[in-house]
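These notes concern the structure reproduced below.
Bear in mind these aren't lab numbers, they're just calculated from the coordinates by the rules spelled out. Quick caveat: nothing in here was measured; it's all calculated off a predicted structure. All Cβ positions, glycine included, derive from the backbone under ideal geometry; neighbour counts span all protein chains shown.
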Amino acid sequence: MTTAAIDARAGRRCHNALNSLHSTHYFSPDLGRELGALGVTEAPAVNFAARAAALGPVGAGAVTAAFYNYKHDLVARHVPAVWEKVTPGQALAARLRAVDATLRRLLGEEAVASAGMAEAAGLAL
């Protein structure tokens, strides 16, 4: 087996192990609370702001293309209007606060602050 094939399988194993943990913040009440405090209160708008913020203040076409599983009409009802309430930078900061709160609640302060978690974060970066 080639090194590339081994690396590809390692990536898939990592994805399979971590995706459910990664996905929790999209459905966490912490995300709605953080963005709600900034004026983004409708669930689809919260989702699009949190997920699309890394793209910058893009329009509905870019969001629909990047997250191909949403109907364009749904995206267009919320993007780019969401950028009138919150900047992409503010949305990213809110997402990070929500992820932090969610992980601390689900895993506990001790796990989040552990040396193992710091090592895992360093490896991920």
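Side notes on the structure shown:
- Amide N of the stretch 7-35 lying under 20 Å from the label point, which is placed 7 angstrom from the Cα of S114 along Cα→Cβ: 14-25
- Protection proxy ranking, highest mean first, for peptides 11-17, 94-100, 21-27: 94-100, 21-27, 11-17, where packing is the per-residue count of other beta-carbon atoms within 10 Å, averaged.
- For the chain, taking the reciprocal of the average inverse distance between every pair of different Cα atoms yields a Kirkwood hydrodynamic radius of 16.1 Å.
- Site pair L38 and Y26 shows an inter-label distance of 1.8 nm when each label is modelled 7 Å from Cα along Cα→Cβ.
- The helix-based estimate of mean residue ellipticity at 222 nm for the chain, built from -39,500 (n - 2.57) per DSSP H run of four or more residues and divided by its residue count, is -22500 deg cm²/dmol to the nearest 500.
- Angle of helix 43-52 to the longest C-alpha principal axis of the chain, folded into 0 to 90 degrees and rounded to 10: 60°.
- Positive-end extreme of charge dipole, the chain - chosen from A93, G122, L55 (charges on Cβ): L55
- Ranked packing of 111-118, 84-91, most packed first, by mean Cβ within 10 Å: 84-91, 111-118
- Dipole magnitude (debye, nearest 20) for the chain, charges at Cβ of Lys, Arg, Asp, Glu: 260 debye
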